[in-house]
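Enquirer: First the structure, then my questions, so here it is.
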Amino acid sequence: MSTGSGADSAPAPTTPKQSMFSSLRNRNYRLFASGQVISNTGTWMQRIAQDWLVLSLTGSASAVGVTIALQFLPMLLFGLYGGVLADRLPKRPLLLATQSAMGLTGLALAALTLSGHVEVWHVYATAFVGGLVTVVDNPARQTFVAEMVGPDEIRNAVSLNSANFQSARLVGPAVAGVLITAVGSGAAFLLNGLSFLAPIAGLLMMRTSELHKVERAPRGKGQLREGLRYVAGRPELIWPIVLVGFIGTFGFNFPIWLSAFTDDVFHEGAGTYGLLNTLMAAGSLAGALLAARRGTSRLRLLVGAALLFGVLEAVTAFAPTFWLFAALMVPIGMFGLTVNVTANSSVQMATDPAMRGRVMALFMMVFTGGTPLGAPLLGWITDTYGARIGFAAGGVISAVAAAGVGALLLRVGGLRPKVDLRRGREHFRLVPSERSRPRQPAPAT
C-alpha cells in the first residue's frame, strides 16, 4: 500500500453516474435481466392461454376466477415462510430450483393439452403448484437483486425489473393470441416451459466471485415472528407495506373492471379488451423507465403517486367516451407502476440484509395475496351496481388509504405540508410541525 505524500493528493474514486440503465453495467445483472425478459414473456403467454383454456373447457367465467385465486392463494397462506427460506438459503441455487420447477409445470400442462387429455382440474393443480413455487421464488428473486448490483443500484435494478416485466406484458399476450388461434393453447404452454431455460442458463453463467456477499440468517426458531416484529417496529417499513396492501387488494382489479367496461359499457369485443390492457402496459413501462432515472425512492413520492392513482381511477370510472377512457389507461398504468417500484425499492433499502427476504415476502404477500380477498368483493360491487361504480369504489379506497398513510407518516416524522404560491418560491414543501419545534425558554424576569 502506498504511503507517500502523493497519496494525500490523489483524487478520490468517483462513483459512476447513475443513468436509466446503469444496473446493466453489471455482467451478472445483464445475464439475469436477459433471462427474465424471455421467461416473463412466456409467463404472460401462459396466463392468457390458461384463462382461455379454462373458459373453453367450462364455459364459466367463475372457473377462470378460481384459477386466478389458486395462483395467488399460496402467497396469502405461506408467503412469510417463503421469506424465511429466502433469508436462510443461498439465493442463486434456490432460484435454479424454483425456475426449474416453474418450467416443469409449464411443460406438464403442455403435454396434457397437446395430447388431448387435459381437464380443468389439471389446470387448477398446475396453477396452485405454480403459486407454491412462487412463494419461494418471489422473495428470492427480489432480494437477489442486491447481491448482483449492490446497495447503490438497488432502486435502479428494481425499476428495470419492472420495466422488464411490463415489456413482456406488451409482447406475451399478443404472441399467445396468435398461437391460440393458429395451433391452440398447448403451444403457448410449451413455449413458456422452454422459456425458463433462459434464466437457468443466466444463473449458471454468473460469476459468483462478483456477487455481493450478504449475511444469511442462521437456522433457528421464531424467525417468522422475528420478521413481523422487525417490520412492526419501523414506520418506514410498516406504512409503505400497509399502503401497497390497500392498493393491491382494491386498486388493481383491472381484469374485472376492463372486461366489464368493454362488454357492458362500450359494447365491444375481445380486441378492445386487449387494446385497453396494452395501453395500461405502455403506461406501466413508461413509469418503470422514469423510476429508473430517479436517484432516490422517497416516501412522499410513494404517497403522492398512490393518491393520484386512486383519484385517476375514480375520475376515469365516469369518462363519458371510450377514447377518453382508453387514454386515461396510460397515466393509470404509469402511477400504478410508480407506486409498486417506489414501495419495493424504499422497503428493500430500509431493511437489514439478513431480514430482507422475510420483509419482501410480507411485501409481496400483502400486495398480491390480497387479490383473492379484494377481487370477489369488487367483482360483486361491479356486478350489482355496474362497472362505473365498481371502478370508482376501487379508486376511492386507494385514494383514502394513500391520504391516511400520508397523514400518519407526517405525524410520525413531525412534519406538515406548506403551500407557497408566490413566484420564485418552492410551491409545496414539508416543514416541521408546531408540536415538533423545540420550545424557546421563557425570558428571565
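Enquirer: What does the charge count around Ala232 come to, taking other residues whose C-beta lies under 14 Å from its C-beta (Lys +1, Arg +1, Asp -1, Glu -1)?
Expert: Local charge sum for Ala232: +2.
Enquirer: Working out 0.36 nm times the residue gap between Leu204 and Val120, then minus their Cα-Cα distance, what length gain in nm do you get to one decimal?
Expert: 26.7 nm
Enquirer: About its Cα centre, how strong a charge dipole does segment 237-322 have in debye, to the nearest 20, once Lys and Arg get +1 and Asp and Glu get -1 at the Cβ?
Expert: In debye, rounded to 20, segment 237-322 gives about 640.
Enquirer: Return Trp257, Trp121 ranked ascending by Cβ neighbour count within 10 Å, so the fewest neighbours appear first.
Expert: The fewest-first ordering by Cβ neighbours comes to Trp121, Trp257.
Enquirer: Can you tell me how segment 152-209 classifies by the Cα gyration tensor, rounded, prolate or oblate, using a/c under 1.5 as the rounded cut?
Expert: It is oblate, given that a/c is not under 1.5 and a/b is not larger than b/c.
Enquirer: Could you work out the local net charge near Arg27, counting Lys and Arg as +1, Asp and Glu as -1, over the other residues with Cβ closer than 9 Å to its Cβ?
Expert: Computed value for this residue: +2.
Enquirer: With θ taken as phi - 60° and the coefficients 6.51, -1.76 and 1.60, list the Karplus ³J(HN,Hα) couplings across segment 22-30 in order, rounded to whole Hz; mark glycine and proline as x.
Expert: Rounded to whole hertz, the list is 5, 4, 6, 5, 7, 4, 4, 5, 4.
Enquirer: On to the next question. Local charge sum around Ala176 (other residues, Cβ-Cβ under 13 Å, Lys/Arg +1, Asp/Glu -1)?
Expert: Taking every other residue near Ala176 into account, the sum is +1.
Enquirer: Separate question: Once phi is turned into θ = phi - 60°, what whole-Hz ³J(HN,Hα) does the Karplus curve with 6.51, -1.76 and 1.60 give for every residue of segment 159-164, x standing for Gly and Pro?
Expert: In residue order, the calculated couplings are 5, 5, 4, 5, 4, 4 Hz.
Enquirer: Moving on to the next point. Going by average Cβ density within 10 Å per residue, which order do the peptides 299-305, 324-330 take, highest to lowest?
Expert: Answer by packing, highest mean first, reads 299-305, 324-330.
We did not get these values from a lab; they are worked out from the coordinates using the rules stated. The structure presented is a predicted model; accordingly, all values stated were derived computationally and were not measured. Here the Cβ is made from the backbone with ideal geometry for all residues, glycine too, and neighbour counts use every protein chain on show.
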